[in-house]
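The values are calculated or read from the model by the stated rules, or taken from the named source; none is laboratory data. Please read these numbers as outputs of a predicted model, since none were measured by experiment. Reconstructed Cβ throughout: ideal geometry from the backbone, glycine too, with neighbour counts over all protein chains shown. Accessible surface is based on the protein model in full, side chains and every heavy atom, while ligands, DNA and RNA are left aside. Shrake-Rupley method; radii C 1.70, N 1.55, O 1.52, S 1.80 Å.
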Amino acid sequence: MAFLHNWIRGKKSFAAQAQANHKLNTPISSVLAQNIADLHELFSQTPDLVVRHFVIKQTGNQAAIAYLDGLTDKKALNDDVLRPLQFEADADAPGNLPRVNVGNVRTLSLWSDLEMAMLQGVSILFEDGRSEAVVFNTQGWPQRAIEDPQLEASLKGAHQGFVETGTQNIALIRRYIPHRELKIKELTIGRRGNTLVSILYMADIVHPEVLKEIEDRIRQLDIDAVINTGELAELIEDNPYSPFPQFIATERPDSAAAQLLQGRFVVIVDRSPSVLIGPVTFTSFFQSVDDYSTRWMVASFTRLLRFMGFTVAVFLPALYIAVISFNYEVIPLQLLLSIGESRARVPFPPLVEALLMEITLEMMREAGVRLPAPVGQTVGIVGGIVIGQAAVSAGIVSNIMVIIVAITAVSSFIIPDYDMASALRLIRFPMMVLAMMFGMVGIVIGLAIFVLHLIAMESVGVPYGSPVAPIRIIDWKDVWMRMPLWKMNKRPFSANPAQLKRQGPSREGDDQKR
């Protein structure tokens, strides 16, 4: 009986859905009562649908305005739409559209267009005797204030971050690049979500083939909805089985503007507080917005520290396992005796010891993120100290292992991009297994696989290993170190720009005059 009931219920639901889809393809009626009935049928079981009936003073016709409560700015609707229509009459008003105090007034004649418009937060005016509806832009959904980015803190950069409204995010970028060459392409994806995706680019800088490629990838998506930029990045990236990110996800408008000026594009997903930047290279994830706000020598030193931290985070635990298990002859005698004394009570092999500490560290890191900020910091600090000391006292791990895990954790924190830091944390584990199986030879094998994988990857058709593989020496001014800004006259080749010149040699001319 339950199966029969569900089958009948499903048939009724399918019939109702088919009837609603048929209604979407029909034009709007000129009878007000019929339009309101069709509207309630289209938006059935929608308690936030509001319909207000009134008389238009200018024409004396019966009318009704419909909107979805919560997506509409009621103050703008009452003051700028309903008040002029009900209490004001203008003899000079055009005959096809009513005179109101809002901009971008347009008309719709199909129910399919009307449904999409209402779900975007506009208000719809139906007038008796009129076979089209008038749309007023009175959107006013809940939104938060512009705040400092959470994941990309900056010491000397701007303290404004993207929000969940696409139009505001575009305005934030326009504040940095008030130029007519900043163009926007808008796409709508998702059968149910109708997510608005905006592609921003500098028309005279971006490469047309790169722009066409990313536009085609987004257009080809056939999915219910895209909620955030992380989902979109996974759907359009070149190498979905790679642990490395192939787009930069940033919450900073100044960082997005800087990348646009280098010849890259920015993808803004409405309702997401971060944007995607591409094409990118592996070394792009080691650059920070603070690098260009400080002295070039300090920025170069900091960037070298990041690459050193990357090497330590990936290879230090594996190096410890290889040296202890296979190649202990490379350790100085005094240090070897100290390590042997520390490991005398440890019953586990080096791989198990390292895995135990690394997994514990990852669990504490994840717990600290999920907990409230004050509690999370306390759990991370107190938990790390207490667990580490207790593990050493109990003879489960050695002192040297606790030191290595702590250095590895600090080294992974120095990577400025969260997605890249997460990928490096993941690569650490297969490197440890290779080191346990083959010693130093296993580390070399893992390094070779790592390098070959980076060389073979692409980001929207651009080599991921550039400017190292393929080698472009001119781009090395902003890779390992950050040279003075007046030395970087050209945009990076790795961004594949259509126009290379970024600035003139004014500073070099000043030096020659001296």
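The criterion of at least 3 residues that are open to solvent by less than 40 Å² (accessible area, probe 1.4 Å) and β-branched (Val, Ile, Thr) is met by the following helices (runs of 4 or more DSSP H) wholly inside the stretch 234-353: 296-325. When the helices (runs of 4 or more DSSP H) confined to the stretch 415-514 are screened for residues that are of a type in the set (D, E, K, R), open to solvent by 20 Å² or more (accessible area, probe 1.4 Å) and over 24 Å from LEU211 (Cα atoms), those reaching at least 2 such residues are found at 506-513.
Residue count for the stretch 276-293 satisfying the condition of being more than 14 Å from GLN262 (Cα to Cα) and of a type in the set (A, V, I, L, M, F, W, C): 4.
For ASP216, the test of being in a loop (DSSP other than H, G, I, E, B) and open to solvent by 30 Å² or more (accessible area, probe 1.4 Å) is failed. Being of a type in the set (S, T, N, Q), farther than 17 Å from VAL135 by Cβ, touching a helix residue (DSSP H, G or I) at 6+ places or on another chain (Cβ under 7 Å) and at pLDDT below 85 is a property that does not hold for THR59.
Would you be able to tell me the number of residues in the stretch 34-66 that are outside any strand (DSSP E or B), among the hydrophobic types (A, V, I, L, M, F, W, C) and either touching a residue at least 40 places away in the same chain (Cβ under 8 Å) or open to solvent by less than 30 Å² (accessible area, probe 1.4 Å) (or both)?
The number of residues fulfilling the criteria is 5.
Checking the conditions here, which among GLU164, GLU147, GLU186 is free of Cβ contacts under 8 Å to residues at least 60 places away in the same chain, open to solvent by 30 Å² or more (accessible area, probe 1.4 Å), among the acidic types (Asp, Glu) and assigned to a loop (DSSP other than H, G, I, E, B)? Selected residue: GLU147, the only one of GLU164, GLU147, GLU186 that is free of Cβ contacts under 8 Å to residues at least 60 places away in the same chain, open to solvent by 30 Å² or more (accessible area, probe 1.4 Å), among the acidic types (Asp, Glu) and assigned to a loop (DSSP other than H, G, I, E, B).
Remark: pairs (first residue in the stretch 306-331, farther than 25 Å from VAL479 by Cβ; second residue open to solvent by less than 20 Å² (accessible area, probe 1.4 Å) and assigned to a loop (DSSP other than H, G, I, E, B); Cβ separation under 6 Å; 6+ apart in sequence or on different chains) = ALA322/GLY439; PHE326/GLY439; ASN327/GLY439.
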